[in-house]
Each structure stands twice: as C-alpha cells, then as structure tokens.
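Worksheet for the structure shown next.
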Amino acid sequence: MNAGAPIEVPVNLPGQTCRVLVGPGLLARTGQLAREGGLHGRCAVITDENVGPLHAAGVLQSLEAAGFPAVLLPVPAGERSKCLAVAEDLCDRLIEAGLDRGSFVVALGGGVIGDLAGFVAAIYQRGIPLVQIPTTIVAQVDSSIGGKTGVNARAGKNLIGAFHQPRLVLADTDTLGTLPDREYREGFAEVIKHGAIRDAALLDELDPATPRENLAPLIARNMTIKAAIVAADEYEQSGQRALLNFGHTIAHAIENVAGYGRFLHGEAVSLGLAAALEISLRKYGLATAEADRLRAKLSAFGLPLTLPDDLTTDALLAAAGRDKKFSTGRIRYVVCPRLGAAFVAEDVSEDDLRAAIDSLRA
Ligand code: NAD
Ligand code: GLY
C-alpha cells in the first residue's frame with residue numbers, strides 16, 4: 001500500500017456536489033471523507049460476494065470510526081444480480097437495518113454493484129445519498145461517474161433505472177491489485193472507447209504492461225473525459241452524452257442474447273466497438289489504418305474481436321432493436337469518422353448493422 005496524495009477530478013453539475021478522488025489508500029479514509037462531504041446517519045455498504053471479503057472490512061472500520069453505524073449487504077457477484085428482484089430484496093434489507101431518509105448507501109464493487117446499489121439509493125424512500133467506491137477498471141473509469149444507475153430487464157440491458165449522482169466517488173487504486181486478469185483487461189474497452197470518441201492521444205499511452213499501482217493518472221484522465229461529457233449533457237438530451245454509447249448498441253445486444261454474465265461487459269463492448277468501427281469505415285470515411293490501430297489496442301488487452309457462432313445475427317439485431325437507443329423508431333448510432341471525434345448518426349440502417357455484425361465472424 002502506497003499513501004500518495006489522491007488526484008481530485010472536477011465534476012461540474014449545476015446544484016450538485018460530487019467529489020471524486022483517485023489514488024491509493026482511500027478505503028481507509030471513507031468515513032472521514034463521508035463526514036467532510038456532509039453525510040450523516042446510518043449507512044449500508046452494498047457489495048458482492050467476491051469484493052466483500054477482500055475490501056469491505058477497511059470500509060466498515062473507517063465508517064464506524066467516523067461515527068456512522070454501518071451494515072454490510074452482500075449480493076452474489078456478476079451481472080445476474082443487476083435485476084429488479086435483487087434491488088427489491090436490498091430495499092427490504094435497508095428497511096430491516098433501520099435506514100431512513102437521513103441515511104446513505106455505499107456501493108463497494110464493480111459496475112454491477114455501482115449500478116445496482118446506485119439504483120437502490122435512487123428509489124429507497126424516494127432517494128438517499130450515494131457514495132461510489134468502484135473497484136474495477138470499468139467502474140473507476142466509467143460507471144461510477146455520471147449518475148446512471150439501473151438494472152437489466154429480460155428484454156435488454158439497463159432498461160430500468162434512474163439518474164442519481166453520487167455525492168462522493170472514491171476510486172482506490174489499491175483495490176485493483178486483487179482484480180483477476182480477465183476482469184482487469186475488460187476494463188480497457190471503456191478506456192479505448194474514451195480514446196476513440198474524445199482523446200486519440202490517450203490510445204498511444206495505453207500499455208498492458210503498465211503496473212496497476214501506476215494507473216491513477218490514467219484513471220483520472222478517463223474520469224475527466226467522462227465528467228466533461230456528462231456536465232455538457234447530464235440527462236442525455238443533446239446527443240453529447242450519447243457519444244459514450246459508442247460500441248454499446250451491439251455490446252448490449254450481445255450481453256442480452258448470450259445471457260447476462262457469459263461475456264463481461266468490457267468484452268461485449270470490445271465486439272461492439274469492432275462493429276462500430278466497421279460501420280464507420282464503410283460509411284463515414286474512417287481510415288483503415290485508424291480502424292486497425294483501435295482493433296490492435298483491443299487485441300493488445302486480450303479483448304475479443306470475433307463473435308461466437310451461436311450468437312446469430314438475427315438474434316442480435318432483434319435485441320438491438322429492443323435497446324432503448326432505438327425507442328424513437330429511428331436508429332441513432334454513434335460512429336467515428338476519425339479517432340477522437342465521434343458523432344451520433346441518424347442514417348445507419350439495419351443492413352449496415354447486419355453487415356457490421358457479420359464482419360465479426362471468424
Ligand atoms: P462487475 O461489477 O461484475 O465486476 C466484474 C467481476 O470482478 C465481478 O466478479 C466482481 O465480483 C469482481 N471484482 C470487482 N472488483 C474486484 C476487485 N477489486 N478484486 C477482485 N474482484 C473484483 O463488472 P464490471 O465490468 O465492473 O461492470 C460492468 C457493469 O457496469 C455492467 O452492468 C455495465 O452495464 C455497467 N456499466 C455502467 C455504466 C454507467 O454509466 N452506469 C458504465 C459502464 C458500465
Ligand atoms: N455509460 C454511458 C453513460 O454514462 O452515459
């Protein structure tokens with residue numbers, strides 16, 4: 001454990017305070033930072049059965065030491081826990097634990113826990129404060145920022161949810177030390193996505209050999225990209241925030257058709273990015289060398305570029321059609337004519353999507 005000073009990432013949302021810190025040693029400071037953030041009362045630490053045994057003790061100790069009565073609420077690990085039944089069960093457990101409108105929720109885990117616990121905080125007694133403690137790369141660079149919370153429906157990913165900004169985000173880089181290799185690598189799909197939509201120079205700095213303990217600046221840079229996009233379009237109305245969905249239409253379809261949990265989110269995003277590159281290449285002028293550069297980065301992190309045969313193109317197209325991004329009847333699809341500069345296109349056809357999915361066959 002290294003006790004360097006954390007990096008503070010500015011988040012500018014009108015009328016809301018969201019403090020974001022990145023660096024080592026933050027778990028042990030949870031209670032003090034929650035107190036500085038004006039939180040009070042009881043709290044519940046929602047985590048999963050992998051992360052809890054590794055990281056919950058330090059968080060609970062810190063909260064108790066700062067005078068917050070805290071209860072630990074674990075759920076099974078993995079995407080299948082991101083559902084209404086688990087959210088409802090967690091609400092019952094919050095009632096049993098005596099949490100009221102003066103209490104708060106701490107989400108300790110990856111993006112599944114952040115989205116699930118965030119949703120519970122959004123709906124419990126019409127909304128109580130939330131602290132995000134992201135413990136995966138996906139959660140640190142992406143899901144802990146921006147206030148999108150929610151659960152999956154049978155018909156599709158994230159179809160039930162709420163915007164609920166966290167008061168405090170503590171991205172403790174020490175937690176990345178216990179992340180298994182596959183779960184570590186998947187997170188770089190969202191990092192590569194940020195490079196593709198906003199910051200092409202970031203792509204050159206990505207190296208799978210970078211020691212995990214040196215990642216705080218990279219994580220802060222990604223959080224800054226995301227926070228700026230969210231600040232410009234918090235409720236995804238102007239189209240700017242929609243850029244963050246680059247690669248996600250097909251990714252969500254893959255997760256849904258394959259069955260939640262078979263692909264890690266970042267693995268599905270890697271395939272979704274490859275499909276979006278294909279459409280950008282065929283129809284929007286992306287240079288082959290640029291598409292190859294992005295695909296090479298995904299490969300360097302061991303991320304998939306080839307679809308398994310059992311996921312048929314028809315099933316993926318049907319699932320993509322149920323995705324909320326198609327709900328207006330028009331296909332709004334993020335394309336990238338040049339790395340670092342994506343936009344939302346309105347003229348991507350089903351045939352374009354079909355050809356892009358077919359291009360992912362071995
Ligand atoms: P995850 O939360 O399932 O974590 C992956 C695995 O790693 C799990 O088994 C978990 O138990 C384990 N784990 C987590 N931290 C660990 C640690 N430090 N040490 C050891 N094991 C650890 O998956 P994820 O990839 O972090 O998140 C994916 C989810 O995030 C998806 O549901 C996706 O839709 C969502 N997401 C949301 C947003 C948003 O803006 N809200 C953005 C991106 C992704
Ligand atoms: N992950 C997409 C968003 O936060 O808008």
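Computed from the coordinates by the stated procedures, all read-outs in this text should not be read as laboratory data. As the structure is a computational prediction, the values presented were derived from the model and not from experiment. Quick reminder, even Gly has a Cβ in these numbers, built from the backbone with ideal geometry, and neighbours come from all protein chains shown.
In terms of packing, defined here as the mean over residues of other Cβ atoms within 10 angstrom, the peptides 353-360, 303-310 line up highest first as 353-360, 303-310. When the chain is described by a simple charge dipole with +1 on each Lys and Arg Cβ and -1 on each Asp and Glu Cβ, the residue from Ala342, Phe163, Leu218 located farthest towards its positive end is Phe163. Put simply, the Cα atoms of segment 219-361 extend 40, 36, 32 Å along their principal axes, the longest span coming first.
Here segment 117-216 has an Rg and Dmax of 15.2, 46 Å, counting Cα atoms alone.
Count neighbours as other Cβ atoms within 10 Å of each site's Cβ, and list the GluC sites (Glu not before Pro) in segment 254-362 that are DSSP loop with at most 15 such neighbours. In loop regions of segment 254-362 (DSSP not H, G, I, E or B), the sparsely surrounded GluC sites (Glu not before Pro) are Glu346. When Rg and the Kirkwood radius Rh are both evaluated on Cα atoms of the chain, their ratio Rg/Rh stands at 0.96.
The sum of -39500 (n - 2.57) across all DSSP H runs of n ≥ 4, divided by the residue count of the chain, sets its helix-only mean residue ellipticity at 222 nm to -12000 deg cm²/dmol. Axis angle, to the nearest 10 degrees, between helix 84-96 and the longest C-alpha principal axis of the chain: 10 degrees. Placing unit charges on the Cβ atoms only, positive for Lys and Arg and negative for Asp and Glu, gives the chain a dipole magnitude near 600 debye about its Cα centre. Note that segment 254-268 has calculated 3J(HN,Hα) couplings of 4, 4, 5, 6, 6, x, 4, x, 5, 9, 5, 3, x, 5, 5 Hz, one per residue in order, obtained from phi through the Karplus relation 6.51 cos²θ - 1.76 cosθ + 1.60 (θ = phi - 60°); glycine and proline are x.
Pairs of lysine residues in the chain that meet both criteria, 8 or more places apart or on different chains and Cα atoms under 25 Å apart, total 26.
Note that segment 96-159, at 25 °C in a medium of 0.890 mPa s, gets a Stokes-Einstein diffusion coefficient of 204 µm²/s from its Kirkwood radius over C-alpha pairs.
Comparing mean-square fluctuations of Cys336, Cys91, Cys43 from a GNM of the chain with C-alpha springs under 10 Å, the top value falls on Cys91. Relative to its Kirkwood radius, the Cα radius of gyration of segment 243-287 gives an Rg/Rh of 1.05.
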